[in-house]
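Accompanying notes for the structure given below.
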Amino acid sequence: MSYVLAYDTKRVVQALGEGVSIDSSDERETRGRAYLEKIVQLQIPLPITFGEELGTLLRAEIESFRDEINLPVEFEKSERYGDISKILILDVLQTPRDVKRLVGTFHVLAGMLGNEVDLVDLLAYSALLVKAPGTVDHIRNDPEDFVEDTLSEKAVLRQLNDKKAPLPDRLSRIVARSEDNQGTRTLLGFLFPALSERPRGTPIHTDALRLRRPLITALRLNLAPGDYSRAAIESLVRQPPIEIAEALKQAYDDDRLGRLLDRLDHLYGTMKDVDHVTFWKGVAAFLRKPDCEWMASYSPMHDVCRNFANVLDNAVRRDERMRDIAANVFVNLRNSNEDVLTAMWLRSHFFRHGLFGQRAERSLPTFLNEAQTEALARDMSVACRALQMAGKLIPCRWDLQPVYTMIDMGIWDDQCRKLLDETLESAAALDGFTLMLFGRHFMSGNDTISKMCDYEMYLQRVRARLASPEINAVDESVRDALNKAVNNPWV
């Protein structure tokens with residue numbers, strides 16, 4: 001009696017040789033191939049598949065469910081799709097079956113996640129799930145170690161320590177042994193540039209998996225919901241502002257703020273009878289820097305501020321009825337001179353409306369029109385200039401958002417520059433300012449810095465600081481930032 005079998009020779013050989021107690025992978029493969037030849041007397045190999053054919057099959061399979069997941073028309077035409085397609089064809093996909101498995105996984109995830117996660121990143125993540133599930137387990141166990149906007153100080157320290165190790169060593173700790181190949185490593189580098197030879201700057205696409213919220217959103221398909229229940233979040237948002245601020249501070253100190261933010265982002269906008277203005281006043285109180293001392297070590301609080309600002313943005317994107325609520329929140333906070341959240345929202349509206357030469361991002365949510373954005377930004381910039389001249393602007397903040405807005409509007413003038421130049425004569429000011437320009441996962445270009453201060457003088461002071469005997473006594477994150485300033489690739 002004869003049988004016709006269809007199988008992937010490589011995988012069957014690997015499986016047959018796996019149980020053999022031989023150290024050499026080549027010998028195991030030889031033994032597995034010998035077993036297979038005994039089982040299958042006549043082998044007729046299928047024609048080899050070329051990369052172009054796999055690429056065509058990949059596009060055709062994705063096209064088959066385009067309407068089901070509302071895939072953008074420009075998806076396959078984007079440069080990033082071209083990049084991931086090349087990676088998949090060269091290093092990941094070997095057979096039509098690989099394509100089928102990848103596309104099937106992508107279809108399910110894209111249908112579940114909608115527009116919460118960048119779809120090109122989601123395609124790369126789907127490839128990891130299919131080809132390297134053990135490696136995904138490592139990401140799932142410690143997601144804060146992979147994102148560039150971590151809200152955990154412990155994760156920041158771990159990332160700084162990991163950075164000292166050579167890239168191959170870092171990847172070896174992440175990639176499961178049986179999955180350690182060029183495809184897995186290239187996919188990780190595509191999704192998480194810190195794990196590649198050429199780390200990139202700020203992502204040019206929204207909802208990138210290198211950012212905390214999108215990554216956690218994707219991983220939640222395999223994780224239980226966060227530590228915070230709906231009841232806990234609903235209780236939080238209904239507390240008085242001072243209690244909200246205290247609860248958020250406690251969550252930050254307990255290294256649980258990321259979980260709280262993820263749950264809040266998921267639920268906010270769905271809760272009824274919420275006094276939104278009161279809630280955001282509590283958030284603003286928590287986000288306000290408690291002193292006007294220059295930072296002496298890196299803090300993820302600037303990312304905390306951005307993530308809270310995104311909560312309201314995301315609520316508006318999901319439900320247009322939140323637009324008026326968001327505008328009301330903004331006006332009330334700004335009337336009380338709040339300039340952390342409101343500065344974030346104004347800055348994002350600059351880009352979304354395409355103001356002051358920025359490329360418009362019309363697809364992203366807005367709750368202020370162009371005229372309102374420009375008028376409010378001017379009022380804030382004038383107020384911030386007064387703070388700058390009093391020496392109470394930059395050291396009193398976690399970020400430089402108002403300064404960037406002042407520069408765009410022409411309000412950051414020679415007097416502002418001169419005062420900052422004089423201030424940077426202080427080592428503490430130089431360290432703190434550099435931390436704001438060159439944080440753990442971001443850096444500023446010389447063009448931007450030169451608009452704030454004398455760039456050449458700034459660089460001279462940074463070099464002198466690095467060469468000084470006192471440099472060994474400063475926090476490691478300061479030394480890292482100073483070195484990034486000297487070796488800035490954006491020059």
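Tabulated data for the structure shown
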{"read-out": "The chain - charge dipole about Cα centre, Lys and Arg +1 at Cβ, Asp and Glu -1, debye rounded to 20", "value": "340"}
{"read-out": "Area projected by the alpha carbon convex hull of the chain, averaged over all directions, nm²", "value": "28.0"}
{"read-out": "Estimated dipole of region 51-219 in Debye, rounded to 20 [Cβ of Lys and Arg +1, of Asp and Glu -1, Cα centre]", "value": "500"}
{"read-out": "Note, ³J(HN,Hα) from phi for region 266-283, Karplus 6.51, -1.76, 1.60, rounded to Hz, x at Gly and Pro", "value": "5, 9, 4, x, 9, 8, 9, 6, 9, 7, 4, 4, 4, 4, 6, 5, x, 4"}
{"read-out": "Mean shadow area of region 51-219 over all directions, Cα convex hull, nm²", "value": "9.3"}
{"read-out": "Over the chain: helical MRE at 222 nm, DSSP H runs n ≥ 4 each giving -39500 (n - 2.57), nearest 500", "value": "-18500 deg cm²/dmol"}
{"read-out": "Qualifying lysines (Cα of each under 29 Å from Cα of Lys77; at least 8 residues distant if same chain)", "value": "Lys86, Lys100, Lys131"}
{"read-out": "Simple Cβ-charge dipole of region 366-491, Lys/Arg +1 and Asp/Glu -1, about Cα centre, in debye nearest 20", "value": "160"}
{"read-out": "Of Asn70, Met271, Gly282, farthest towards positive along the dipole that unit charges on Lys, Arg, Asp, Glu beta carbons give the chain", "value": "Asn70"}
{"read-out": "Among Ala208, Leu54, Tyr455 - extreme Cα towards positive end, dipole of the chain, charges at beta-carbon", "value": "Leu54"}
{"read-out": "Estimated inter-spin distance, Arg230 and Phe65, nm [label 7 Å along Cα→Cβ]", "value": "2.7"}
{"read-out": "Spacing of the two label points (7 Å from each Cα toward its C-beta) at Ala467 and Asn181, in nm", "value": "5.1"}
{"read-out": "Asp408, Asp421 arranged by Cβ crowding within 10 Å, fewest neighbours leading", "value": "Asp421, Asp408"}
{"read-out": "Simple spin-label estimate for Ser426 and Asp162 in nanometres, 7 Å along Cα-Cβ", "value": "3.5"}
{"read-out": "For Lys38, Lys272, Lys289, order by how many other beta-carbon atoms lie within 10 Å, fewest first", "value": "Lys272, Lys38, Lys289"}
{"read-out": "For the chain, cysteines whose Cβ has no other cysteine Cβ within reach (under 4.7 Å)", "value": "Cys305, Cys384, Cys416, Cys453"}
{"read-out": "Extended-chain gain in nm, criterion 0.36 nm per residue less alpha-carbon gap, Thr278 and Asp414", "value": "45.1 nm"}
{"read-out": "Length added when fully stretched, Asp255-Asp137, from 0.36 nm per residue minus Cα-Cα", "value": "40.4 nm"}
{"read-out": "Within region 425-443, backbone nitrogen closer than 20 Å to the virtual label 7 Å beyond the Cα of Asp454 toward Cβ", "value": "425-434"}
{"read-out": "Dipole of region 248-350, positive direction: furthest Cα of Cys292, Phe350, Gln250, with charges on the beta-carbon", "value": "Phe350"}
{"read-out": "Burial ordering of Asp324, Asp67, fewest other beta-carbon atoms within 10 Å first", "value": "Asp67, Asp324"}
{"read-out": "Two-site FRET efficiency, Ile242 against Asn369, from Cβ-Cβ distance with R₀ of 30 Å, rounded to 0.05", "value": "0.35"}
{"read-out": "Region 413-491: C-alpha pair distances exceeding 16 Å, %", "value": "45"}
{"read-out": "Label point 7 Å beyond Cα of Val331 along Cβ direction - residues of region 362-377 with amide nitrogen under 18 Å", "value": "366-377"}
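Rule-based calculations on the coordinates, nothing more; no lab input. Note that the structure is predicted; figures quoted are calculated from it, not measured. No Cβ is skipped: glycine too gets one built from the backbone with ideal geometry, and neighbour counts run over all protein chains shown.
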